[in-house]
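> Below you will find the structure I want to go over with you.
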Protein chains: 4
Amino acid sequence: MTNAWFLDEESRDRWIFHRVRRTVLQTRTRFCNVQILDTAALGRVLVLDDKIQSAELDEAIYHEALVHPAMTAHPGPKRVLILGGGEGATLREVLKHRCVERAVMVDIDGELVKICRKHLPSWSAGAFRSPRARIVIGDAVRFILRRPGTYDVIIADISDPEEDSPAGVIYTREFYRAARRRLRPGGIFVTQATEIFYDGSGIHPVLRATLASVFGRADSYAEYIPSFSSLWGFVAASDRAVVAGLDREVIARRLKERRVRTSYYCADMHGRMLLLPPAVRKRLARKKRLSTKKRPAFVYTPGR
Amino acid sequence: MTNAWFLDEESRDRWIFHRVRRTVLQTRTRFCNVQILDTAALGRVLVLDDKIQSAELDEAIYHEALVHPAMTAHPGPKRVLILGGGEGATLREVLKHRCVERAVMVDIDGELVKICRKHLPSWSAGAFRSPRARIVIGDAVRFILRRPGTYDVIIADISDPEEDSPAGVIYTREFYRAARRRLRPGGIFVTQATEIFYDGSGIHPVLRATLASVFGRADSYAEYIPSFSSLWGFVAASDRAVVAGLDREVIARRLKERRVRTSYYCADMHGRMLLLPPAVRKRLARKKRLSTKKRPAFVYTPGR
Amino acid sequence: MTNAWFLDEESRDRWIFHRVRRTVLQTRTRFCNVQILDTAALGRVLVLDDKIQSAELDEAIYHEALVHPAMTAHPGPKRVLILGGGEGATLREVLKHRCVERAVMVDIDGELVKICRKHLPSWSAGAFRSPRARIVIGDAVRFILRRPGTYDVIIADISDPEEDSPAGVIYTREFYRAARRRLRPGGIFVTQATEIFYDGSGIHPVLRATLASVFGRADSYAEYIPSFSSLWGFVAASDRAVVAGLDREVIARRLKERRVRTSYYCADMHGRMLLLPPAVRKRLARKKRLSTKKRPAFVYTPGR
Amino acid sequence: MTNAWFLDEESRDRWIFHRVRRTVLQTRTRFCNVQILDTAALGRVLVLDDKIQSAELDEAIYHEALVHPAMTAHPGPKRVLILGGGEGATLREVLKHRCVERAVMVDIDGELVKICRKHLPSWSAGAFRSPRARIVIGDAVRFILRRPGTYDVIIADISDPEEDSPAGVIYTREFYRAARRRLRPGGIFVTQATEIFYDGSGIHPVLRATLASVFGRADSYAEYIPSFSSLWGFVAASDRAVVAGLDREVIARRLKERRVRTSYYCADMHGRMLLLPPAVRKRLARKKRLSTKKRPAFVYTPGR
């Protein structure tokens, strides 16, 4: 065991040092700094621009929580679009649903996708080679605006909107409107939606309100992700309640019919994730500003 | 803002530095090192022997999660015993139930109780002065063994069992047997039960199994506590299912009748806490060793 | 021993954590944040705006190195002016020279002086009560410009010039010119002069060149100060070589005559401090820019 | 710039974090953990078992200080033995003396030597390929005891004696006696001799006394090494004063005759290094225990 550490600067006031057993890779793609580290507590970890993106220890929880509530809420998703998701784990979860005929993944960073295929093989677990998968290296915004094609489920697995980061635009009303036009009738849009705090602070409520204003209905849900050291938020948006009201029996039946095998997601966890603490619910219910291209919402940026 | 930090050494491999705005108190009682710190991220914090015990930011969540599931599951708790709980917040939550006639709190560390009354006034919020409260400075084990008197609910709010710590004995079958003899018919014993990991590792399953072997029934539940940087476990034990099967309507009605006002606990959160991740449930279901006086279960000790 | 730490952010790339046994004081004066800490490795420490100013472990080395080379080089210093030096240790060292009739100390921060008298009593060791000492609470620049009076030795014991800090002006040609006018014939001006690096980088060479341009002669010298984790620089300036060429016998005789008792300074250490590494000497010899009011020289500022 | 750090745990109470730009290598040889890191503040660094061995920034100072005082004090060293010194920089400095006909380097760790040749090329700077150099992979103790051959200068460049480390035996009277038998008449033995503290604490005085008891004469000297964050000690031992009394002119002449080019060492620095702080000198003068095979002297071991 050596004294090498990765500092996850969660905020100016809370710093988490993770012991690193081995530095597998440190490089820079055209878009970001990439580190792949074998940590002692979290196993292998993907770090982009000094933020942990996913960890061997719990990537399954994060990716199952991102993918399955929306996929299961849809009665028969055939065409699915993934924005970002370079690790391939979101794709892996989507393809578990046998009804899916085509899963298109659009990631801007081709080098990163290659790195993940090589160094995080259990993340994609062969998904990149599936005949049902299509990988597009390109800009998600441009793809949404210019490419024809509609989808039953669209999943945004893009890093947090930080000040001056290009990801910021993905979390705005303008982008959500464009995404909505790519949904088929009854379609669902779901996105990772930053950390959730017990007191309801942070930008999650802004993102949910923005999505609700565009789609009509937007359900927040959350799970604790150890490698993010926080309660993590997601929002599923559609034109009517589908994720929130989903019946336990329906969940169980669909998972079984589609032969989806998970390590975390199930009818119980679906229910659990949608039960948000009262203070969060209260904050979500209040009127609030929306995230727009002109005034986008931002999270804390490490390194200041 | 100054560069003073408290290091929460969660394990040998994960170190969390909390920025400290002000050191309110550093002292040693007969039993432990005490620090009261105003941190930037968690607000005021009580630290005993280098472990965060509770924080202004989320002590309500921890204490409500510890107290209300058992209290609400009992149809009419009149006499309640609290073991430990020096901050006074467990007592505060217990007294919220109007039906309680007598709440006895037994803490070994009189100096600590004084410090908390003075420096953590919002934790006890006047509970120490309630005519329904009785504070006993003394050893919980001796109290359980020697003092007459029986209780409807017994709540163990004692720090984690660390190697060579006297708290260890509180988490053994022998102690649980003694505690059981102090329960009235239909009574419930509840205890904080260390960190829960998604993979079911750690000693929580051992504690639950030990309680089940003594009481007949033991329900695990969990909530994410930010200041502990982890999913925190609790176990409520009784001679039949009362906490796990509790009806939503019953919870809502009892809280209303007893005029209990909470910031976190409610029927939804009761349900959410009992929904444990599949891997944890699987591990809890497996046969396992028990914690006994001869072979007690221990958690990681910072500083080694 | 507790897990409380002070982070000395030496640069963006080197962070030194000092274990704190006890936080004696945290406060803010009109001018700066003040911390007095009992550290495990350095003993009691004075921290201003997150920078260690002096430490019980080695303050004698720093203060003897600042004071005695110039004082000893002067054949008979009677009137001495100290700029800054709030701890009182510079005054303590000056008064050790029996020939001194009047030592005037000008510090802008009256609150800080009070704090040091109370919490760092061994630093001043009674010097503040000496009938030969006069303490002026006021601005050093204004004092130098407006007050009449001349001195045999002027000692600047002022914190490093950081960006936007008012101390910056003390390290400029304009200030040095004003100080020079307060020197009696044969007088010596000496100042702490920031960290010295083996490769000659940093602003020490700029400060030395600026002093040489004003006084005619400026001798750099250096000593390793553990609590600063670096080789520390000083410059003694005068109209001819007095500090650099000082004879061993003269040093020994003057210290004896004036009954100066030191723990570190002696003829050997005088010689040692003036022997600078070749790369530093080379850099000092090169022509370079001067520090002026318009373009003052700055050191790294922690916290950015 | 990424948030990767190396923690140099100087003691239980002082931790130095160095920012790492790139992890060049992490591996384990038969004898130790090896890390080669590109740090932001110190440049490339060799770390063995979590202790910095040498750094690009200042390895020249350390190696020149280790090698040249003894080499220059000897009127004509022809055969030189280096114990340890796997980086090759000690060999590089030895070979700078043209009079050297044969330099034998004995290092136990052949893998480490290979790693250093490849990843620290500027340390050895071609010295390994010199026809005057002979590299022996083997145990220094066995070499000293069993191999014939005598030397003008023997240089011990072996890591600090830590508890339970095999290096411990190299720092004992028994080993020094064996080494002495390998010295030719007028020969000099020199060793790195751990950190020196201003108050004279630590094991340096024990090592010096042990060497003096064996060789007759042992001169301590010291220099501040930034990458070690401390004043570093060395001892040169012989049967009469040669290093301490060395004339400035002699140093300058010998360096010139032998065409030795250095970046740090010179007559001035020779003198400076031998001028030790008074408290250290006092401690060195006192009688003290010796380091023996039965009771060897140990330094602090990081990680405990």
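The values are calculated or read from the model by the stated rules, or taken from the named source; none is laboratory data. For clarity, every value in this text was computed on a predicted model and none was experimentally measured. Here the Cβ positions follow ideal geometry from the backbone for every residue, glycine too, while neighbour counts run over all protein chains shown. Each accessible area value is taken on the protein alone, full model and side chains, heavy atoms only, with ligands, DNA and RNA left out. Shrake-Rupley method; radii C 1.70, N 1.55, O 1.52, S 1.80 Å.
> Given the conditions (1) within 14 Å of chain C (Cβ to nearest Cβ); (2) open to solvent by 20 Å² or more (accessible area, probe 1.4 Å), which single one is not true for D:Glu9?
For D:Glu9, the exception is condition (2).
> Any residue at all in the stretch B:239-249 that is assigned to a strand (DSSP E or B) and within 17 Å of the chain's Cα centre (by Cα)? Break it down into steps so the answer makes sense when it comes.
First, the residues of the stretch B:239-249 that are assigned to a strand (DSSP E or B): none.
Within the stretch B:239-249, none of the residues are assigned to a strand (DSSP E or B) and within 17 Å of the chain's Cα centre (by Cα).
Yes/no matrix, rows are residues, columns are (1) without any contact (Cβ under 8 Å) to a residue 60 or more places away in the chain; (2) within 14 Å of chain D (Cβ to nearest Cβ); (3) of a type in the set (Phe, Trp, Tyr):
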| position | (1), (2), (3) |
| --- | --- |
| C:Glu195 | no, yes, no |
| C:Leu211 | yes, no, no |
| C:Ile225 | no, yes, no |
| C:Ala252 | yes, yes, no |
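> Give me a count of the residues in the stretch B:19-29 that are open to solvent by less than 20 Å² (accessible area, probe 1.4 Å) and either among the hydroxyl-bearing types (Ser, Thr, Tyr) or within 23 Å of the chain's Cα centre (by Cα) (or both).
Filtering the stretch B:19-29 for residues open to solvent by less than 20 Å² (accessible area, probe 1.4 Å) gives B:19-20, B:29.
Keeping just the survivors that are either among the hydroxyl-bearing types (Ser, Thr, Tyr) or within 23 Å of the chain's Cα centre (by Cα) (or both) gives B:29.
Final tally of qualifying residues: 1.
> Got a sec? Which of A:Gly245, A:Gly187, A:Gly168, A:Gly202 is of a type outside the set (D, E, K, R) and on the phi > 0 side of the Ramachandran plot?
Details: A:Gly245 fails: on the phi > 0 side of the Ramachandran plot; A:Gly187 fails: on the phi > 0 side of the Ramachandran plot; A:Gly168 fails: on the phi > 0 side of the Ramachandran plot.
That would be A:Gly202, the only listed residue that is of a type outside the set (D, E, K, R) and on the phi > 0 side of the Ramachandran plot.
> Could you list, in sequence order, all residues of the stretch D:206-221 that are within 19 Å of D:Tyr300 (Cα to Cα) and open to solvent by less than 10 Å² (accessible area, probe 1.4 Å)?
Looking only at the stretch D:206-221, we keep the residues that are within 19 Å of D:Tyr300 (Cα to Cα), and these are D:206-208.
The answer is D:Leu207, and nothing else.
> Taking D:Val24 and the conditions (1) more than 11 Å from chain C (Cβ to nearest Cβ); (2) closer than 26 Å to D:Pro161 by Cβ; (3) not acidic (Asp, Glu), which numbered condition does it fall short on, given that it satisfies the others?
(2)
> Identify the single condition in (1) part of a strand (DSSP E or B); (2) in contact with a helix residue (DSSP H, G or I) (Cβ under 6 Å, 6 or more places away or on another chain) that B:Arg177 does not satisfy, given that it satisfies every other one.
Exception for B:Arg177: condition (1).
> Restricting to the stretch A:95-106, name every residue that is crowded, with 24+ Cβ neighbours inside 10 Å and in a loop (DSSP other than H, G, I, E, B). Steps first, please.
Going residue by residue through the stretch A:95-106, those that are crowded, with 24+ Cβ neighbours inside 10 Å are A:97, A:103, A:105.
Passing the criteria: only A:His97.
> Right, here's the next one. Which condition number in (1) in a loop (DSSP other than H, G, I, E, B); (2) open to solvent by 30 Å² or more (accessible area, probe 1.4 Å); (3) under 16 Å from B:Val67 (Cα atoms) is the one that B:Asp268 fails?
(1)
> Here's another thing I want to ask about it. Restricting to the stretch B:43-54, and then to whatever is more than 8 Å from every other protein chain (Cβ to nearest Cβ) and open to solvent by 10 Å² or more (accessible area, probe 1.4 Å), can you tell me which residue is nearest to A:Tyr198 (Cα to Cα)?
B:Gly43
> Since C:Arg102 meets every condition but one in (1) within 23 Å of C:Tyr221 (Cβ to Cβ); (2) in contact with a strand residue (DSSP E or B) (Cβ under 8 Å, 6 or more places away or on another chain), which condition does it not meet?
Of the numbered conditions (1) within 23 Å of C:Tyr221 (Cβ to Cβ); (2) in contact with a strand residue (DSSP E or B) (Cβ under 8 Å, 6 or more places away or on another chain), the odd one out for C:Arg102 is (1).
> Looking at D:Thr29, is it within 19 Å of D:Cys116 (Cβ to Cβ) and among the β-branched types (Val, Ile, Thr)?
Values: within 19 Å of D:Cys116 (Cβ to Cβ): yes; among the β-branched types (Val, Ile, Thr): yes.
Considered against the rule, which asks whether it is within 19 Å of D:Cys116 (Cβ to Cβ) and among the β-branched types (Val, Ile, Thr), D:Thr29 comes out as yes.
> Do we have any residue at all in the stretch A:273-289 that's buried (at least 17 other Cβ atoms within 10 Å of the Cβ), more than 13 Å from chain B (Cβ to nearest Cβ) and farther than 26 Å from B:Ala65 by Cα?
Checked against the condition, which is being buried (at least 17 other Cβ atoms within 10 Å of the Cβ), more than 13 Å from chain B (Cβ to nearest Cβ) and farther than 26 Å from B:Ala65 by Cα, the stretch A:273-289 yields no hits at all.
> Would you please name the residue that is surrounded by the most Cβ atoms within 10 Å (Cβ to Cβ), looking only at residues in the stretch C:290-304 that are closer than 30 Å to A:Ser11 by Cβ and more than 13 Å from every other protein chain (Cβ to nearest Cβ)? Break it down into steps so the answer makes sense when it comes.
Of the residues in the stretch C:290-304, the ones closer than 30 Å to A:Ser11 by Cβ are C:298-304.
Within this subset, residues satisfying the condition of being more than 13 Å from every other protein chain (Cβ to nearest Cβ) are C:298-299.
Values: C:Phe298: 18, C:Val299: 20.
Ranking the candidates gives C:Val299 first.
> Output the residue which, of all residues in the stretch B:109-135 that are within 16 Å of B:Arg30 (Cβ to Cβ) and hydrophobic (A, V, I, L, M, F, W, C), is surrounded by the most Cβ atoms within 10 Å (Cβ to Cβ).
Here is the first cut: in the stretch B:109-135, the ones within 16 Å of B:Arg30 (Cβ to Cβ) are B:109-116.
Okay, now just the ones that are also hydrophobic (A, V, I, L, M, F, W, C), so B:112-113, B:115-116.
Numbers: B:Leu112: 23, B:Val113: 21, B:Ile115: 20, B:Cys116: 25.
My answer is B:Cys116.
> Please determine, by comparing only the residues of the stretch B:55-94 that are more than 20 Å from B:Gly138 (Cβ to Cβ), open to solvent by less than 10 Å² (accessible area, probe 1.4 Å) and not in a helix (DSSP H, G or I), which one is nearest to the other protein chains (Cβ to nearest Cβ).
So, considering only residues that are more than 20 Å from B:Gly138 (Cβ to Cβ), open to solvent by less than 10 Å² (accessible area, probe 1.4 Å) and not in a helix (DSSP H, G or I), the one nearest to the other protein chains (Cβ to nearest Cβ) is B:Asp58.
> Now for a separate question. Please state which of the following conditions A:Ile36 fails to meet, knowing it meets all the rest: (1) surrounded by fewer than 21 Cβ atoms within 10 Å (Cβ to Cβ); (2) part of a loop (DSSP other than H, G, I, E, B); (3) of a type in the set (A, V, I, L, M).
Condition (2) is where A:Ile36 drops out.
> Output the residues belonging to the stretch D:143-165 that are surrounded by fewer than 22 Cβ atoms within 10 Å (Cβ to Cβ) and farther than 24 Å from D:His204 by Cβ.
Within the stretch D:143-165, D:Phe143, D:Leu145, D:Arg146, D:Arg147, D:Pro148, D:Gly149, D:Thr150 meet the criteria.
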